[in-house]
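Report on the structure given below.
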Amino acid sequence: MKTLALMGSSVMVALLSACQSVPAQVDLLATAQVASDFDTYSLERVGQVPFAGPNLDHNQANAFQQAFFAEFSGNTPFEIVPLSVADLAEIQRSDPYRRGYYRTHTIIELSRRFQLDGILIGTVTAWHPFPPQRLAVQVDLLSAETGMVIWSSAIHLDASDLTMRENLRAWYDAHPGEAGESWELALLSPRRFIRFAAWQIGRLL
């Protein structure tokens, strides 16, 4: 009986340890709109242009592009092709944040040059990289065939919001950084904050 009791205790400890190791559920904070004919498009090779946004410098744009490339490459069925500013040098750029639309000629020309089925365009509409961090991002997927938006997602994160902080903590527990890091580091690190936004949006594509 004593042996059975010890075995029962061991099993209970193992079960409790297993439960504690399972990360908490992370809520979906991003939203998305999908074209009704999205499934009719053949999307295998998708280009990713550098992020744009008011007061966004080159290094900051690179940080966004790298974070979203990492998430989209690992969690979507597409081959993501990161494009540089130099790749766009001879192509007339669209300015959707200011104009409210994309130039069809720009999208089609870019797609033909790099043999793309679609293009991801990200815009940072708001960003406060100091505590409490705030971030608003929109990402659009455009068809290489038509130049039209066939998928669009947006997210707004505010580190002062309790619900957002709880979800960030749950995500950080499931995606730990350096050993021994506290999840609060994600509230201070713009790189971690951006990666969380990318992960959220990537779940919807």
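Would you work out the charge dipole size for the range 132-205 about its Cα centre, treating the Cβ of every Lys and Arg as +1 and the Cβ of every Asp and Glu as -1, and quote it to the nearest 20 debye? Write down the numbers at each step before the final one.
Numbers: 7 positive and 9 negative charges, 12 e Å.
With only Lys, Arg, Asp and Glu charged at Cβ, the dipole is about 60 debye.
When 1/r is averaged over all different Cα pairs and the result inverted, which Kirkwood radius in Å belongs to the range 111-205?
Taking the inverse mean of 1/r over all distinct Cα pairs, the range 111-205 comes out at 14.7 Å.
Search the structure for amide H atoms under 5 Å from the amide H of Gln48, placed 1.01 Å from N in the peptide plane, and list their residues when 5 or more places away or on another chain.
Close amide H contacts, sequence-distant or interchain: Val81, Leu83, Leu120.
In whole percent, what relative contact order does the range 105-205 give with Cα contacts below 8 Å and a gap of six or more residues?
22
GluC sites (Glu not before Pro), restricted to the range 23-87: which are DSSP loop and have at most 12 other Cβ atoms within 10 Å?
Passing sites in the range 23-87 are Glu44.
Any read-out appearing in this document is the output of simple, stated calculations on the displayed coordinates, not a laboratory observation. Not measured: the values here are computed from a predicted model. Virtual Cβ from ideal backbone geometry, glycine too; neighbours counted across all protein chains shown.
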